[in-house]
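All remarks here apply to the structure that follows.
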């Protein structure tokens, strides 16, 4: 039996549609076979990140200037923290899909997954000195974070969005796209 969570103020009917006629597409996605692709991609990124940080990234870090090495170290910690929390969410959702958790168990375990406090990376000019493979991993992890936080918010109605930040979130997204496309953004 799958564990379905419904936002306060609406109830789920047997056919998966709420009493007000709304269909939660994010929930349908999370409980469909398409979730398996997200799960597989997310867990592959976790493994790829760990392998990079333990292997090639460790070697590259020894050849970095002090300032770049400091940025690399702090961003490595952010990447690791982000990936652990995202992997936890993916594993919980998979267990819910398989009916291995009751509604209460799922909600209790979700409290331990801190999507609202995931570390944010702010791309700047210093990022040009970091290894491209590392920057790509960070960009991909942030894209995965956006997908999971959006799904979590849509499915569970939680306030899982990252707290408001001083810098402009639109600017951060433009920086992410610029980095992903290999274009430098000025100002």
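Every number in this text was worked out from the coordinates using simple rules, so none of it is lab data. Computed from a prediction, not measured in an experiment: that's the story for all the values here. With ideal geometry, Cβ positions are generated from the backbone for all residues, glycine too; neighbour counts draw on all protein chains shown.
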What FRET efficiency would be calculated for the residue pair residue 88, residue 51, taking the C-beta separation as r and a Förster radius of 25 Å, to the nearest 0.05? 0.85
Extension length gain for residue 128 and residue 116 (0.36 nm per residue less Cα distance), in nm, is 1.5 nm
Between residue 146 and residue 59, what FRET efficiency follows from the Cβ-Cβ distance if R0 is 30 Å, with the result rounded to 0.05? 0.50
